[in-house]
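Please read the structure below before turning to the comments.
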Amino acid sequence: MVTNEAPKANADRPFWVAFHLVPFIEPSRIRRLQDHFGSLERAWEIDATRLRAVLDERSCAAVIEHRAKIDVARLMHRLAADGISVVTLDDDGYPALLREIGAPPPVLFFRGQLLEIDSAAVAVVGTRRVTSYGREMALQIGQGLARAGVTVVSGLAKGVDGIAHQAALAAGGRTIAVLGSGVNRIYPHEHTRLAAQIADQGAVLSDYGPDRKPDAPNFPARNRIISGLSLGVVVIEAPERSGALITVDFAADQGRDVFAVPGPAVASNSAGTNRLIRDGARLVRDADDVLEDLQLRREAAVDEPVQQPLLMNEDERRLVAVLTTDPLHIDDIVERCTLSLPGVSALLVTLELQGHVRNVGAQHYVRC
């Protein structure tokens, strides 16, 4: 049954959050504390001597130090005031697929909604340095999955990730962005507006505290959540050294299906995806291939037409105004708009998804 209801009240939820923010306290230790003391609230307040009966000295010292700094009631009030929701392993609303993986994150912080229908989810990942081919495939597959009622999961990064999110939004479907930072620290910064749109039509989530800064080691670790939330992972353009391939490794460990979009044999951007296909990943050409392999029925599809007219902001209007029916290269667009290249690239993706502009090849654009 599909439900939009919030998770049932859980008296231990604030203390799941508090213990999760303490270094060296892993999910198994939190559960051990809960079982030993009967509740996490009691475990949070227990004296050091009794704590040592359950925790090693380092973990015990960390709890003692951090509970002197954390006002649990104030912490939860601040989260609510900031519009941040919390779901824990003890909550009915915890994502069912993610609960199945080894050592699932004990706490998720998120903006937006996590729904039961997100159990039909597929991850779409790939390189940040996407080519026009990879961009087109990310658009087609992201939109095709969303139109079939499948939630598109990705990591909000530049390139394939961002395009997949935007494609799902434009198709009127749901999408979930998994961050390598806290939900108050959107990275990359130029995807701040995209993150807000995702929260309105899905969820932006992280297992890191809300103010955690983006840090290189965070991103490989968050990839286990991307695959864990999904029935399968689609890789679109990945060089041999690519973060997307780390997601594939997690997917394989979690028993998830791996799909790869083939590319030219000599293209470095497709070296990783082509190797995945050689090693047994399923070759896919479009969203229908993924839907068929995962046996996801199209009857659940969202009603079409799905694209809704969206108001353009000032930058988007400025960009569209410089375009005509004659192709214009992206460098010329940047010069005429006096905007940054990354900013123009992001705007062009959004405007193409909304049907205002079209990529006619080789980074040349026309107004529709």
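The values are calculated or read from the model by the stated rules, or taken from the named source; none is laboratory data. Quick caveat: nothing in here was measured; it's all calculated off a predicted structure. When we count neighbours, we look across all protein chains shown, and the Cβ atoms used for this are built from the backbone with ideal geometry, even at glycine.
Suppose we filter segment 1-59 for residues that are at pLDDT 90 or above and among the polar types (S, T, N, Q); how many remain?
4
Please find, within segment 166-194, the residue that is surrounded by the fewest Cβ atoms within 10 Å (Cβ to Cβ) out of those that are over 25 Å from Pro217 (Cα atoms) and in contact (Cβ under 8 Å) with a residue 60 or more places away in the chain.
Selected residue: Gly172.
Hey, can you tell me all the residues within segment 229-244 that are surrounded by fewer than 24 Cβ atoms within 10 Å (Cβ to Cβ) and either closer than 15 Å to Asp279 by Cα or not polar (S, T, N, Q) (or both)?
First, pick out the residues of segment 229-244 that are surrounded by fewer than 24 Cβ atoms within 10 Å (Cβ to Cβ): 231-232, 239-243.
Correct list: Leu231, Gly232, Pro239, Glu240, Arg241, Gly243.
Of all residues in segment 343-360 being touching a Cys at 6+ places or on another chain (Cβ under 7 Å) and in contact (Cβ under 8 Å) with a residue 24 or more places away in the chain, which is nearest to Pro188 (Cα to Cα)?
Val344
Could you tell me whether any residue of segment 264-280 is closer than 16 Å to Gly134 by Cα, surrounded by fewer than 14 Cβ atoms within 10 Å (Cβ to Cβ), modelled with pLDDT of 85 or more and of a type in the set (A, V, I, L, M, F, W, C)?
Yes, some residue in segment 264-280 is closer than 16 Å to Gly134 by Cα, surrounded by fewer than 14 Cβ atoms within 10 Å (Cβ to Cβ), modelled with pLDDT of 85 or more and of a type in the set (A, V, I, L, M, F, W, C).
Right, Arg58: out of contact with any Phe, Trp or Tyr (no Cβ under 6 Å at 6 or more places or on another chain), without any contact (Cβ under 8 Å) to a residue 40 or more places away in the chain and not in a loop (DSSP other than H, G, I, E, B) or not?
So Arg58 does not fit the description; no.
Filter segment 335-359 down to residues that are outside any loop (DSSP other than H, G, I, E, B) and more than 29 Å from the chain's Cα centre (by Cα) and give me whichever is surrounded by the most Cβ atoms within 10 Å (Cβ to Cβ).
It comes out as Cys337.
Identify all residues within segment 52-109 that are under 30 Å from Leu231 (Cβ atoms), of a type outside the set (D, E, K, R) and out of contact with any helix residue (DSSP H, G or I) (no Cβ under 9 Å at 6 or more places or on another chain); write none if there are none.
Passing the criteria: only Tyr94.
Please enumerate the residues belonging to segment 66-100 that are of a type outside the set (A, V, I, L, M), under 20 Å from Asp211 (Cα atoms), outside any loop (DSSP other than H, G, I, E, B) and without any contact (Cβ under 8 Å) to a residue 40 or more places away in the chain.
Our first condition is that a residue be of a type outside the set (A, V, I, L, M); within segment 66-100, this holds for 66-67, 69, 71, 74, 77-78, 82-83, 85, 88, 90-95, 99-100.
Next, from what is left, pick out any that are under 20 Å from Asp211 (Cα atoms): 66-67, 69, 71, 74, 77-78, 82-83, 85, 88.
Filter once more, keeping what is outside any loop (DSSP other than H, G, I, E, B): 66-67, 74, 77-78, 85, 88.
Arg74, His77, Arg78 - these are the residues of segment 66-100 that are of a type outside the set (A, V, I, L, M), under 20 Å from Asp211 (Cα atoms), outside any loop (DSSP other than H, G, I, E, B) and without any contact (Cβ under 8 Å) to a residue 40 or more places away in the chain.
Out of all the residues in segment 293-307, is one or more at pLDDT 85 or above and assigned to a helix (DSSP H, G or I)? Spell out the reasoning first.
Residues of segment 293-307 that are at pLDDT 85 or above, as a first pass: 293-296.
Subset that is assigned to a helix (DSSP H, G or I): 293-294.
Yes.
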